[in-house]
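Beneath this line is the structure, given in structure tokens, with notes to follow.
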Amino acid sequence: MNRDDYGLYRDVNLAGIIHRMRWIEPGTFMMGSPEDELERFENETLHQVTLTKGFWLAETTCTQAAWRAAMDESPSYCKGDDRPVERVSWKDCQDFLKRANAMLHDGGLRLPTEAEWEYACRAGTATPFWFGDEITAEQVNHVNRNGKGRGETVDVKALPCNAWGLYQMHGNVWEWCQDRLNHYPVRPVNDPCSAEEGCGRVVRGGSWVSWSWLCRSACRDWYGPRDCYDDLGLRLARSATEE
């Protein structure tokens, strides 16, 4: 482990491809969105969540180079070693994790839970985006209100990171979470995990083909576990107990 201005980090080496992970301290936050947040959805019920254990989260989405190191090829539409891998399904991600963990002496890589993802995205903030209420192309790769965008993904570190050193939690590619989609509780909860039933898997963050409101910290969407599109990617997580 090492430390920099953003806190503790550790590097994961996948066949020579270095993937940096940031330590996310345990804590309590308000998950979802307040009723007066513009363009919110009904499934974003505001509720208190406590994560009792810290965890590691990759500072970027999984790159095409990292995916190729484990899977030998990249299915991505927008090509580039330092761009996020996309066109990967939730099932594909499970195969990748199995192979990537087999390459490491201590394994433990997984997808983040939905609660972990939002907690990390917010980095202590309560606004629609970690940087405030408004969104610009200089901060997020998305489609603006005039229907204009970059028309492709960008490198995973091309745009600013949040206070915890996490890049592009908003936009570029949707990120698969481990959870099945579920209704939020009203009461405070500790360490929420996936619903036992349902086939839809949660994705978070919005993408390069998403409107601004779909890139909000609280926004939730879902796809079937075998769905794969050119704006679906992943970000690696690792439990503290797997150090």
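The values are calculated or read from the model by the stated rules, or taken from the named source; none is laboratory data. Please read these numbers as outputs of a predicted model, since none were measured by experiment. When we count neighbours, we look across all protein chains shown, and the Cβ atoms used for this are built from the backbone with ideal geometry, even at glycine.
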Meets criteria (acidic (D, E), outside any loop (DSSP other than H, G, I, E, B) and either under 29 Å from R150 (Cβ atoms) or free of Cβ contacts under 8 Å to residues at least 24 places away in the same chain (or both)) for E134: no
Do we have any residue at all in segment 19-33 that's modelled with pLDDT under 95, closer than 19 Å to L97 by Cβ, assigned to a strand (DSSP E or B) and in contact with a helix residue (DSSP H, G or I) (Cβ under 9 Å, 6 or more places away or on another chain)? yes
Going through segment 61-83 one residue at a time, which ones are of a type in the set (K, R), surrounded by fewer than 20 Cβ atoms within 10 Å (Cβ to Cβ) and part of a loop (DSSP other than H, G, I, E, B)? K79
Across segment 158-192, which residue is farthest from the chain's Cα centre (by Cα) among those that are exposed (fewer than 14 other Cβ atoms within 10 Å of the Cβ) and of a type in the set (D, E, K, R)? R187
Subset of segment 93-118, residues surrounded by 14 or more Cβ atoms within 10 Å (Cβ to Cβ) and among the basic types (K, R), comes to R99, R110
Output yes when any residue across segment 214-228 is basic (K, R), surrounded by 24 or more Cβ atoms within 10 Å (Cβ to Cβ) and touching a helix residue (DSSP H, G or I) at 6+ places or on another chain (Cβ under 6 Å), and no when none is. no
Are any of the residues in segment 154-177 of a type outside the set (A, V, I, L, M, F, W, C), part of a strand (DSSP E or B), at pLDDT 95 or above and under 22 Å from T63 (Cα atoms)? yes
Collect the residues in segment 178-190 that are closer than 23 Å to Y223 by Cα and assigned to a loop (DSSP other than H, G, I, E, B), keeping them in residue-number order. L181, N182, H183, Y184, P185
Sort out which residues of segment 130-151 are among the β-branched types (V, I, T) and buried (at least 21 other Cβ atoms within 10 Å of the Cβ), and write them in order of number. I135, V140, V143
Evaluation of T45 against (1) surrounded by fewer than 20 Cβ atoms within 10 Å (Cβ to Cβ); (2) without any contact (Cβ under 8 Å) to a residue 24 or more places away in the chain; (3) of a type outside the set (A, V, I, L, M, F, W, C) (one fails), failing number: (2)
Cross-chain or 6+ apart pairs with Cβ under 7 Å, segment 86-106 first and over 20 Å from V203 (Cα atoms), then of a type in the set (G, A, S) and surrounded by 15 or more Cβ atoms within 10 Å (Cβ to Cβ): R99/A70; A100/A70; N101/G108; M103/A70
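Using the structure shown, decide if V203 is under 19 Å from W67 (Cβ atoms), assigned to a loop (DSSP other than H, G, I, E, B) and either touching a helix residue (DSSP H, G or I) at 6+ places or on another chain (Cβ under 8 Å) or in contact (Cβ under 8 Å) with a residue 12 or more places away in the chain (or both).
no
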Scope segment 31-86; condition aromatic (F, W, Y), in contact with a Lys or Arg (Cβ under 8 Å, 6 or more places away or on another chain) and more than 22 Å from L214 (Cα to Cα); matching residues: F55, W56
